[in-house]
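Engineer: Handing you this structure, nothing more for now.
Each value in this text was obtained by applying a stated rule to the coordinates, not by laboratory testing. Here the structure is a predicted model, which means the values were calculated and not measured. Reconstructed Cβ throughout: ideal geometry from the backbone, glycine too, with neighbour counts over all protein chains shown.
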Amino acid sequence: MASKVFGPRLNLNHVTFQGNNNQAQSHSFGQVFLHKKTGVSSSRRSVVAAEAAAMAEETTAKTGNSALSHFWREVQGSDNWENLVEPLHPLLRKEIIRYGEFVAACYKAFDLDPTSKRYLHCKYGKSRILNEVGMEDCGYTVTKYIYATPDINIPMQNEASRGHWIGYVAVSSDESAVKRLGRRDLLIAFRGTVTNHEWVTNLMSSLTPARLDPNNPNPDVKVESGFLSLYTSDETKIKFGLESCREQLLSEVSRLLNKHKVEDLSITLAGHSMGSALALLLAYDIAELGLNKIDHETVPITAFSFGGPRVGNPSFKQRCEELGVKVMRIVNVNDPITKLPGMFLNENFRVLGGRYELPWISCSCYAHVGVELVMDFFNVQNPSCVHDLETYISLLKCPTKTLHTRKEGFDNLLNRARELIFSARSLKSICL
């Protein structure tokens with residue numbers, strides 16, 4: 001089961017964040033919370049509110065241990081974020097926000113104007129994108145744009161079934177940034193679902209063997225067929241067609257690793273929604289192929305997932321853990337995408353009621369990977385905010401105002417349903 005970390009609820013009556021037009025947009029929320037859960041099992045850790053994080057930040061500043069350059073491996077999850085979430089460490093919080101903004105840049109730069117020559121592509125060239133979205137001081141240089149081809153042969157208005165811009169590869173290039181980070185960071189950022197073909201791809205929710213390593217085609221490691229199709233489909237049958245998203249990524253990651261192999265390196269993947277699934281597939285792929293092993297050294301791989309769905313089965317989760325892939329999942333408890341696929345057949349049902357082991361679940365259900373940082377926010381006037389990346393980022397930046405008692409969440413309801421089922425069975429056996 002994915003580790004979960006929970007924070008106290010926040011009541012924020014007013015939130016301000018940057019919209020796609022780079023102008024501050026103001027949104028009123030009746031209730032916006034960071035999730036708090038009591039009675040959590042020993043396998044789950046709790047995270048204290050932003051109030052505690054602020055206290056930790058003050059303590060960190062006083063002790064002089066705030067330099068990311070000396071602490072980056074832990075922030076990247078080398079110890080599965082042990083002791084960084086209770087309270088939530090200010091450096092970890094800042095890094096989550098920072099990588100979230102790199103993902104937000106994908107949305108800001110994506111051209112959705114059907115009359116534009118760059119429709120469904122990036123509006124800017126690689127040398128301009130970060131400047132155009134207001135990240136000119138980030139210290140990174142974009143080295144490659146990534147395109148994904150949905151393997152869907154369904155005609156849709158104003159939308160060709162060809163490769164669409166899905167994200168970019170960047171590297172920390174400014175030497176002052178490299179010094180601050182403590183290493184050369186290879187970053188891959190993915191946007192979420194936008195086009196109709198991508199929505200159709202997301203509905204392909206059957207599990208299929210990943211088989212990304214030809215030397216180790218483990219049939220038990222399965223992933224969602226739609227995500228795998230988007231990751232591996234190409235346009236080779238078309239003259240001058242695109243390589244697959246996978247081929248583009250592995251080629252560029254290999255090139256950058258080789259270029260900077262004498263330096264301390266990290267591979268960071270960040271994505272929102274469907275982009276989180278692609279980020280996790282790439283993280284697994286790199287590790288499975290051993291591309292992150294250079295001269296007997298292993299380059300750490302970390303994925304920051306914002307509102308991401310489940311990607312594979314428990315065997316996929318186990319394999320990611322064996323390979324050392326670190327995943328920090330930032331989720332809103334009210335976000336339905338984070339509960340899909342596998343709304344019912346998921347990691348919570350592998351052991352029913354804590355009594356019966358169901359081994360077939362390993363191959364037929366889905367499981368989340370990594371440590372889960374749970375938020376809880378909802379806006380009655382704008383229900384779509386529950387999955388909005390900008391809302392995720394904005395609330396991570398906001399301080400605590402009021403603490404509230406816990407309401408029963410989705411996982412609690414599932415646990416209670418299971419308890420009722422077994423209680424009913426026990427009662428029936430007694431009566432018989």
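Engineer: Any chance you could run the full-extension gain for Lys94 through Asp213? It's 0.36 nm times the residue separation minus the Cα-Cα distance, nm to one decimal.
Structural biologist: Details: separation 119, 0.36 × 119 = 42.84 nm, distance 3.48 nm.
Between Lys94 and Asp213, full extension yields 39.4 nm more.
Engineer: Going by average Cβ neighbours within 10 Å, how do the peptides 384-394, 243-253 rank, with the highest at the top?
Structural biologist: 384-394, 243-253
Engineer: Now for a different question. For a Förster distance of 45 Å, can you work out the FRET efficiency between the beta-carbons of Ser176 and Ser225, rounded to the nearest 0.05?
Structural biologist: Numbers: r = 44 Å, r/R0 = 0.98.
Once the sixth-power term is evaluated, E becomes 0.50.
Engineer: Can you give the FRET efficiency for Arg128 and Lys237, using 1/(1 + (r/R0)^6), R0 = 35 Å, r = Cβ-Cβ distance, to the nearest 0.05? Please report the intermediate quantities before stating the final value.
Structural biologist: Values: r = 33 Å, r/R0 = 0.93.
The formula returns an efficiency of 0.60 here.
Engineer: Could I ask something else about it? Have a look at Val369, Ser266, Pro90 and report the one farthest towards the positive end of the charge dipole of segment 57-398, computed about the Cα centre with Cβ charges (Lys/Arg +1, Asp/Glu -1).
Structural biologist: Ser266
Engineer: Also, I was wondering about something else. Is the C-alpha gyration tensor of segment 57-398 telling us rounded, prolate or oblate? Criteria: a/c under 1.5 is rounded; beyond that, a/b larger than b/c is prolate, otherwise oblate.
Structural biologist: Details: a/c = 1.25, a/b = 1.06, b/c = 1.18.
Taking the square roots of the gyration eigenvalues as a ≥ b ≥ c, segment 57-398 is rounded.
Engineer: With the Cα gyration tensor of segment 63-155 giving a ≥ b ≥ c as the square roots of its eigenvalues, does the rule (a/c under 1.5 for rounded; else a/b larger than b/c for prolate; else oblate) give rounded, prolate or oblate? Could the numbers behind the result be given before it?
Structural biologist: On the way: a/c = 3.18, a/b = 2.05, b/c = 1.55.
Prolate, since a/c reaches 1.5 and a/b exceeds b/c.
Engineer: Along the charge dipole of segment 57-398, Cβ charges K/R +1 and D/E -1, which of Gly167, Ile330, Asn216 sits furthest on the positive end?
Structural biologist: Working it through, the farthest residue towards the positive pole turns out to be Gly167.
Engineer: Answer with one residue from Leu345, Tyr119, Cys138: the one whose Cα lies farthest towards the positive end of the charge dipole of segment 57-398, charges on Cβ with Lys, Arg +1 and Asp, Glu -1.
Structural biologist: Towards the positive end, the residue furthest out is Tyr119.
Engineer: Ordered by packing density, taken as the mean number of other Cβ atoms within 10 Å over each peptide's residues, highest first, how do 76-87, 166-177 rank? Walk me through the intermediate numbers first.
Structural biologist: Working: 76-87: 18.2, 166-177: 19.9.
Listed from highest to lowest mean packing, they are 166-177, 76-87.
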